[in-house]
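The values are calculated or read from the model by the stated rules, or taken from the named source; none is laboratory data. The structure displayed is predicted, hence computed values, not measured ones. No Cβ is skipped: glycine too gets one built from the backbone with ideal geometry, and neighbour counts run over all protein chains shown. The protein model used for the area step is the full one, side chains on, heavy atoms only, and it has no ligands, DNA or RNA in it. Shrake-Rupley method; radii C 1.70, N 1.55, O 1.52, S 1.80 Å.
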Amino acid sequence: PELQMPARLNCATELLDRHVAEGRGDRPCLLAPGLRWTYAELRDKANRIANVLVKQMGLVPGNRVLLRAPNNPMLAACWFAVMKAGGIAVATMPLLRAKELVPILEIGQVTHALCDAALADELAQAAQKAPVLQHVRHFHAEGPDSLEALMAEASPVFDNVDTAADDTCLFGFTSGTTGVPKATMHFHRDVMAVCHCWPPHLLRAMADDVFIGSPPLAFTFGLGGLVLFPMHVGASTVLLEKAGPAQLLQGIQDFGATVLFTAPTSYRLLAEQGAVLRATPLRKCVSAGEALPATTRALWKKATGIELIDGIGSTEMLHIFISHDEAGARPGATGKPVPGYRARIVDEVGNELPPGTVGRLAVQGPTGCRYLSDPRQAQYVQGGWNLTGDAYVMDADGYFFYQARTDDMIISAGYNIAAPEVEEALMQHPAVAECAVIGAPDADRGQIVQAFVVLRAGQGEAGEAMVRTLQDFVKATVAPYKYPRSVVFVAQLPRTQTGKLQRFVLKQAAQASSMAPTTEASP
Ligand code: 3UK
């Protein structure tokens, strides 16, 4: 759809104040263990914080505000306060250490911060190295300087700054696996655009829905799924500080959650509680952040009766741009371009490739990549197309099938092998809880397929016999040349804070180790 955006737009007015103005102020909005804020309560708190930002902390529109907390209602209130005051929200992953916060403060030229007292230490250390940060207040804190004390004295009335639709309102820092972090800039209109594209067409949630999930609000997957989308339709949302499978299960039961946002690995683990989940009102389940293995989709359907909604999104595009609804689910497919977006497969020089040919996924739509003063912008956006780092193939019906990150294609003795395809095959074996596949350097073949496997407790033992079993299993499942010539058993896999497998960590380990392959020689 062509999106009609007014020239002046403040996303806080649309997502928060509008509900109060239209008589829905008493509806539940933010939920957490022992806490329930209505839309009116959240609006008043956000107004008070906006007044503190402007009157006590000297914020002017365009200033950048670091937000630092686990997922909780105060973090959401602070986020809306920044929007209201015309600032730029820079939410940070809770687990970041001082040395990772310093470049964010410097690249983002962040002058202000609102920080959960539980996460104050690393920020204090970072602030010493990044003098740009001048004004910091803590919440979930006590004493006269605490945000709560300042809020108590501040007015609950605030006139939202009359921002332009294309004023920047947030920086999303890329979860970037390596290299210097990049800030992606998004406008007030981008926030509204993602609310208008994917949710009404493919999620179709309603005011009575209760959202819940795991991604941090610093990850735009979480910001959209757990704040923007529920609030756009006047629904309520559960914010959990810890959101592993056990806490998610408890939360779904306690709050009667109906819409779940989490990553594929989390669905794999939660599927073990299928019987419990079937007794809850859970009805819509969204997977993103990593490719959804067909096995995980089938496992979830069998365990809960619910068809997963997969969607690929990125920090650059702000949210999901290829997806499907329950009826459009196809094993192995991410789906079709979300209404409003276009997608195509291109070669190295940007020429469109025909259906059935693997290439790089290019997308365009109402949102797109704008790196903050970073020359990598010129590589990411070419000729109006955003070039993702993903290898995809489109079939004749226009469905898009994920192959691998472009740098996760393994070339072994001349064969192109997509690491996720081998992972998918391994995961079909009952002994495999999780696995990761990489190309390990090899003198003869250039690279060999190497699998790192976490075994399921009580389903078999690590050792030569299991290596053979898994190799034979892969050979019987996919083309035999794709089988892992090396299999390494590990207790866990390295993951980013957004839940992504860190294949590069494994590749570095493979590069460094002179470890002899665990398996037989050439076939
Ligand atoms: C990968 C997927 C296959 C893919 C994100 C939803 O993940 C998000 O943003 P990031 O910037 O990473 C983007 C990259 O992650 N990916 C994400 N989802 C899928 N691959 N199937 C999927 N469903 O490599 C992509 O390029 O951390 C996801 C919404 C907002 C987001 N920021």
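Would you confirm whether or not segment 350-369 contains a residue that is among the polar types (S, T, N, Q), touching a His at 6+ places or on another chain (Cβ under 8 Å) and not in a helix (DSSP H, G or I)? It would help to see each step written out before you state the result.
Residues of segment 350-369 that are among the polar types (S, T, N, Q), as a first pass: 351, 357, 364, 367.
Among the residues that remain, those that are also touching a His at 6+ places or on another chain (Cβ under 8 Å) are: 367.
Next cut, not in a helix (DSSP H, G or I) only: 367.
Yes: segment 350-369 contains one or more residues that are among the polar types (S, T, N, Q), touching a His at 6+ places or on another chain (Cβ under 8 Å) and not in a helix (DSSP H, G or I).
Return the only residue of Phe219, Phe229, Phe211 being within 15 Å of the ligand (Cβ to nearest atom), of a type in the set (Phe, Trp, Tyr), within 16 Å of the chain's Cα centre (by Cα) and open to solvent by 20 Å² or more (accessible area, probe 1.4 Å). Residue meeting the stated conditions: Phe219.
Identify, please: which residue in segment 472-501 is part of a strand (DSSP E or B) and within 16 Å of the ligand (Cβ to nearest atom) and is, among those, surrounded by the most Cβ atoms within 10 Å (Cβ to Cβ)?
Of segment 472-501, the ones part of a strand (DSSP E or B) are 486-489, 495, 501.
Pick out the ones that are also within 16 Å of the ligand (Cβ to nearest atom) and you get 495, 501.
Working: Arg495: 16, Leu501: 27.
Ranking the qualifying residues of segment 472-501, first place goes to Leu501.
A Cβ distance below 6 Å, combined with a sequence gap of six or more or placement on separate chains, defines the contacts here; from segment 420-431, residues that are touching a residue at least 12 places away in the same chain (Cβ under 8 Å) reach residues that are assigned to a loop (DSSP other than H, G, I, E, B) and surrounded by fewer than 21 Cβ atoms within 10 Å (Cβ to Cβ) in the pairs Ala425/Val478; Pro430/Gln459; Ala431/Arg456; Ala431/Gln459; Ala431/Gly460. Might you check whether a residue that is open to solvent by less than 30 Å² (accessible area, probe 1.4 Å) and assigned to a strand (DSSP E or B) occurs anywhere in segment 406-414? Among the residues of segment 406-414, at least one is open to solvent by less than 30 Å² (accessible area, probe 1.4 Å) and assigned to a strand (DSSP E or B), which makes the answer yes. Criterion applied to Thr296, Thr262 was being under 14 Å from the mean Cα position of the chain (by Cα), within 16 Å of the ligand (Cβ to nearest atom), open to solvent by less than 20 Å² (accessible area, probe 1.4 Å) and β-branched (Val, Ile, Thr), and the one residue passing it is Thr262. Among the strands (runs of 3 or more DSSP E) confined to segment 45-141, the ones with at least 2 residues that are surrounded by fewer than 21 Cβ atoms within 10 Å (Cβ to Cβ) and more than 24 Å from the chain's Cα centre (by Cα) are located at 135-139.
Is it the case, given these coordinates, that Ala12 is closer than 17 Å to Asp159 by Cβ and aliphatic (A, V, I, L, M)? Break it down into steps so the answer makes sense when it comes.
Values: closer than 17 Å to Asp159 by Cβ: yes; aliphatic (A, V, I, L, M): yes.
So Ala12 fits the description; yes.
Residue by residue, here is whether (1) more than 14 Å from the ligand (Cβ to nearest atom); (2) among the polar types (S, T, N, Q); (3) exposed (fewer than 14 other Cβ atoms within 10 Å of the Cβ) holds:
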| position | (1), (2), (3) |
| --- | --- |
| Tyr341 | no, no, no |
| Glu352 | yes, no, yes |
| Gly359 | yes, no, no |
| Gly365 | no, no, no |
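Close Cβ contacts (under 9 Å, 6 or more residues apart or on different chains) running from residues in segment 309-320 that are within 6 Å of the ligand (Cβ to nearest atom) to residues that are of a type in the set (Lys, Arg) comprise Asp310/Arg297; Thr315/Lys182. When the helices (runs of 4 or more DSSP H) confined to segment 251-316 are screened for residues that are modelled with pLDDT under 95, those reaching at least 3 such residues are found at 264-270, 294-304.
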